[in-house]
Amino acid sequence: MKAYGAAIFDMDGTLVDTLADLYDSVNEMLAHYDLPPRTLDEVRQFVGNGARKLMIRSLPADKSADDKFVDAALAYYDGCYARNCLNKVKPYAGITELLAALAEKKIPLGVCTNKQHFAATAIADKVLAPIKFAAVSGDAAGLPRKPDPARALAIAKKMSVSAADTAYFGDTAVDIQTALNAGFLAVGVTWGFRPRSELVDSGAQIIIDSPLEIFELIDFV
């Protein structure tokens, strides 16, 4: 079995369950504009490609086609999520133990997510503490969103680990595409926002059903 020297994680649906806070923030934005609310399952399907894409998917078709309205909705949503992002978020069962075990083995850890950078860093600092990540990279102006591999590769470079020696974990096709684009081991996790079939169809090289199963299927040194 090949051994890997670093682990990079998606955040939403992989490390933490953020769905309730995302749902609350989307519907707070929609209510502000007197637009119909979205269901929890709709929001679950809409996330993964960044906050702007979440707005486009959440808004009615006539509003999502208006770039200026999308800009305004996104600005209002960002304010909502800044207030809400730590309200109900929690690590998935077994994640705290997984990260602690990797840290004990001195495996460098990173986060590469399409959620807003301000929220990604807040969650890493407040919800995933005391784990120290080598880098947390969220969506910010001028930076590419996944599945572009640039930010993920920058994290691997910062950790001084080659792409071939890096495992990337995520719960969506976007994550698997990111990992494959970067030359990482592409690991799909089934406890998040998308079904196993999406991970299979997108080319996940390993699929894991619980965090601690990682140590059964992947060797870290």
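Structure above, values below:
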quantity	calculated
Count of residues meeting criterion [open to solvent by less than 10 Å² (accessible area, probe 1.4 Å) and touching a Phe, Trp or Tyr at 6+ places or on another chain (Cβ under 8 Å)] in the stretch 114-131	2
The stretch 168-190 - residue that is out of contact with any Ser or Thr (no Cβ under 9 Å at 6 or more places or on another chain) and buried (at least 24 other Cβ atoms within 10 Å of the Cβ) and, of those, nearest to Gln45 (Cα to Cα)	Thr178
Extreme residue, nearest to Gly5 (Cα to Cα), among residues of the stretch 192-209 that are assigned to a loop (DSSP other than H, G, I, E, B) and open to solvent by less than 50 Å² (accessible area, probe 1.4 Å)	Ala204
Yes/no for Lys106 being at pLDDT 95 or above and touching a Pro at 6+ places or on another chain (Cβ under 9 Å)	no
Test: Ala93 is touching a helix residue (DSSP H, G or I) at 6+ places or on another chain (Cβ under 8 Å) and assigned to a loop (DSSP other than H, G, I, E, B)	yes
Leu212, sole failed condition from (1) in contact (Cβ under 8 Å) with a residue 60 or more places away in the chain; (2) outside any helix (DSSP H, G or I)	(2)
Positions within the stretch 97-113 being open to solvent by 80 Å² or more (accessible area, probe 1.4 Å) and either β-branched (Val, Ile, Thr) or in contact (Cβ under 8 Å) with a residue 60 or more places away in the chain (or both), in sequence order	Glu97, Lys105
Candidates Ala141, Ala129, Ala164 - the one that is more than 20 Å from Phe46 (Cα to Cα), aliphatic (A, V, I, L, M) and not in a loop (DSSP other than H, G, I, E, B)	Ala164
Candidates Leu30, Leu59, filtered to the one that is open to solvent by less than 70 Å² (accessible area, probe 1.4 Å), in contact (Cβ under 8 Å) with a residue 24 or more places away in the chain and within 24 Å of Ala173 (Cα to Cα)	Leu59
Residues being open to solvent by less than 50 Å² (accessible area, probe 1.4 Å), in contact (Cβ under 8 Å) with a residue 24 or more places away in the chain and not charged (D, E, K, R) - total across the stretch 132-155	11
Sole exception among (1) surrounded by 15 or more Cβ atoms within 10 Å (Cβ to Cβ); (2) of a type outside the set (S, T, N, Q); (3) assigned to a loop (DSSP other than H, G, I, E, B); (4) at pLDDT 95 or above for Pro37, by number	(1)
Hits in the stretch 62-87 - residues which are exposed (fewer than 14 other Cβ atoms within 10 Å of the Cβ) and assigned to a loop (DSSP other than H, G, I, E, B)	Ala65, Asp66, Asn87
Selection count where residues are more than 30 Å from Leu217 (Cα to Cα) and among the hydrophobic types (A, V, I, L, M, F, W, C), scope the stretch 1-45	9
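The values are calculated or read from the model by the stated rules, or taken from the named source; none is laboratory data. In this text, all values refer to a predicted model and were calculated from it rather than measured experimentally. Cβ atoms come from the backbone with ideal geometry, glycine included; neighbour counts cover every protein chain shown. Surface accessibility is based on the protein's heavy atoms, side chains included, excluding ligands, DNA and RNA. Shrake-Rupley method; radii C 1.70, N 1.55, O 1.52, S 1.80 Å.
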